[in-house]
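Visitor: Supplied in structure tokens, the structure appears directly below.
All of the numbers you see were taken from the coordinates with simple rules; none came from a lab. Everything quoted here is computed from the prediction, not taken from an experiment. Here the Cβ is made from the backbone with ideal geometry for all residues, glycine too, and neighbour counts use every protein chain on show.
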Amino acid sequence: METLASVAKLQASWSGSATRLKRVLDSSRKATLILGALGALLAAIASQIPEARDWMHRDLAVASATMLGVASFLTFRLLGISRTVTWTRMRAASEALKHEMFQYAAMAAPYDELASSDGRLRQEADRIAADVDDIIDVIWSRDQPGSVPLKRFQSPEEYIEGRVKAQIAWLEDRSERCRGSAALLHRWEFSLSLAATLLTMIVSVAGKNLFGFPFDLTALTAVLTTVAGAVIAHIEASRFEFLTVSYRATARRLESELALQGQPFSLPSTAWSDFVHRCEAILANENAAWIARWSKI
């Protein structure tokens, strides 16, 4: 228990730090897209302001340049490749350590020999920690453990219930949430495309003097269609659609492992170790795919 508690504290620090960094990256992505879209919209409007209203042209141009400048700052300073790589490495280290901790708690090989299991786990923790020592300055200390075991499982059934079935339920729930998020974003995409289409129709009927002075509204349709629709909705929806399928497929693979159980497991044993290794490998593959997908800018 002391070994798991000390390693759990380390894993919690990595996991919590990765979560914080991802929130910054996600917020910066959304802010960059929104500011870029608004900046392009104001630039399109400013380009149509007549000379008689030069002050309006100037103010809109300044606002547009400011938004685009802030978007560029967020892109290069907060969404740079170094921050994305830092998050990827930190999350990967956290998941790798969690992987070892569950094998240890389940008494699966190479942690099936109690006399040497504590030393093996500490060695693995040190090895994984060595890979992220160069980014230790962005790691926040965290005392509360995350979703890792703090003691050994007392039976195969306890691992199956607490790890495998719990993960199946979590994956199914997340899959449905991602499906809903993807559908919502696609509705936004459709609405913006429809608005651009209607605006084009209005222009074709009313001409360019809709507001009492020459104004080419077709400049706005390009912004609505290209920036708001294709960029904002498609990029985010594609992530959620990928996760919807990935989570459900992972849950199905875990269910297949449970369905293939034959005789009851004894703990520890070779058959039990193989079962745990297969389950943890399925979860590790899903985590790797999730990290790779979400690390794309």
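Visitor: In nm, to one decimal, how far is the residue 292 label point from the residue 176 one, both placed 7 Å along Cα→Cβ?
Guide: 2.9 nm
Visitor: Taking N as the number of residues in the stretch 121-161, what is its Cα Rg relative to 2.2 N^0.38 Å?
Guide: 1.60
Visitor: Across the stretch 117-195, what fraction of all alpha-carbon pairs, as a whole percent, falls in each successive 5 Å bin from zero upward?
Guide: Here the calculated profile for the stretch 117-195 is 3, 10, 10, 12, 13, 13, 14, 10, 7, 5, 3, 1, 0.
Visitor: For residue 184 and residue 2, FRET efficiency with R0 = 45 Å and r from the beta-carbon atoms, rounded to 0.05?
Guide: Rounded to the nearest 0.05, the efficiency is 0.45.
Visitor: Same structure again: In nm, to one decimal, how far is the residue 63 label point from the residue 127 one, both placed 7 Å along Cα→Cβ?
Guide: 5.9 nm
Visitor: Find which of 147, 132, 167 sits farthest along the positive direction of the dipole of the stretch 128-196, computed with +1 on the beta-carbon of Lys and Arg, -1 on that of Asp and Glu, about the Cα centre.
Guide: 167
Visitor: Could you derive backbone 3J(HN,Hα) for the stretch 245-251 from the dihedral phi with the Karplus parameters 6.51, -1.76 and 1.60 (θ = phi - 60°), listing whole Hz in sequence and x where the residue is Gly or Pro?
Guide: With coefficients 6.51, -1.76 and 1.60, one gets 6, 4, 4, 5, 5, 5, 4 Hz.
Visitor: Something else now. Return 136, 160 ranked ascending by Cβ neighbour count within 10 Å, so the fewest neighbours appear first.
Guide: 136, 160
Visitor: Could you line up 56, 67 from fewest to most neighbouring Cβ atoms inside 10 Å?
Guide: 56, 67
Visitor: In whole Hz, what ³J(HN,Hα) sequence does the stretch 28-43 give by Karplus (6.51, -1.76, 1.60; θ = phi - 60°), x for Gly and Pro?
Guide: Per-residue couplings from phi come out as 5, 4, 5, 5, 5, 5, 5, 5, x, 5, 5, x, 5, 5, 5, 5 Hz.
Visitor: Loop-only check: which GluC sites (Glu not before Pro) in the stretch 85-135 are DSSP coil with at most 15 other Cβ within 10 angstrom?
Guide: Sparse-neighbourhood loop GluC sites (Glu not before Pro): 113.
Visitor: Residue 158 versus residue 281, label points 7 Å from Cα toward the beta carbon: distance in nm?
Guide: Result: 2.6 nm between the two label points.
Visitor: Given H placed 1.01 Å from N in the peptide plane, which residues other than close sequence neighbours of residue 146 have an amide H under 5 Å from its amide H?
Guide: 12
Visitor: Please list, or write none, the aspartates and glutamates whose alpha carbon is within less than 18 Å of the alpha carbon of residue 165, excluding same-chain residues fewer than 8 places away.
Guide: List returned: 157, 173, 176, 255, 257, 274, 280, 286.
Visitor: Could you put 22, 165 in order, starting from the residue whose Cβ has the fewest other Cβ atoms within 10 Å?
Guide: Arranged by neighbour count, lowest to highest, 22, 165 become 165, 22.
Visitor: With θ taken as phi - 60° and the coefficients 6.51, -1.76 and 1.60, list the Karplus ³J(HN,Hα) couplings across the stretch 102-118 in order, rounded to whole Hz; mark glycine and proline as x.
Guide: For the stretch 102-118, the Karplus-derived couplings read 5, 5, 5, 5, 8, 6, 8, 4, x, 9, 8, 9, 4, 5, 10, 5, 4 Hz, x marking Gly and Pro.
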